[in-house]
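Let me begin by presenting the structure, written as structure tokens, before commenting on it.
The values are calculated or read from the model by the stated rules, or taken from the named source; none is laboratory data. Since the structure is predicted, the reported quantities are computational estimates derived from the model, not experimental observations. All Cβ positions, even for glycine, are placed from backbone atoms using ideal geometry, and neighbour counts span all protein chains on display.
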Ligand SMILES: [Zn+2]
């Protein structure tokens, strides 16, 4: 994973804080002590991913108009819509810009067109 030194330093600091906060690791239900730590770390990674997707999708700048993929005319920005996206590690909530095309009389979501397969 390519991370800048600044981000790496933040991750190290965050991991140190978490380790102090967690204290003793509960091995119950885990294969081993390391397995218990890894399980917890994966859960934290998933939670960080969810928060980053939520925050960055909500903060994305929006245009007042966007081209309708069906007819090519301009549709007007209608507002943000919350949606659950299926990410690599499961469902994650995102916010996306919704536009309305008066010609097609339908809403469309241009930003995530590549996510729809
Ligand atoms: Zn249209």
Going by what's in this entry, would residue 39 be described as touching a strand residue (DSSP E or B) at 6+ places or on another chain (Cβ under 7 Å) and surrounded by 11 or more Cβ atoms within 10 Å (Cβ to Cβ)?
no
Subset of segment 73-102, residues outside any strand (DSSP E or B) and at pLDDT below 95, comes to 88, 89
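Residue-by-condition table, conditions (1) within 16 Å of the ligand (Cβ to nearest atom); (2) loosely packed, with under 12 Cβ neighbours inside 10 Å:
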{"site": "46", "(1), (2)": "no, no"}
{"site": "49", "(1), (2)": "no, no"}
{"site": "54", "(1), (2)": "no, no"}
{"site": "68", "(1), (2)": "yes, no"}
{"site": "72", "(1), (2)": "yes, yes"}
{"site": "78", "(1), (2)": "yes, no"}
{"site": "86", "(1), (2)": "no, yes"}
- For residue 90, state whether it is surrounded by fewer than 14 Cβ atoms within 10 Å (Cβ to Cβ) and within 11 Å of the ligand (Cβ to nearest atom). no
Pairing a residue in segment 58-80 that is free of Cβ contacts under 8 Å to residues at least 24 places away in the same chain with any residue that is within 9 Å of the ligand (Cβ to nearest atom) and not in a strand (DSSP E or B), where Cβ atoms lie under 7 Å and the two sit 6 or more apart in sequence or on different chains, gives none
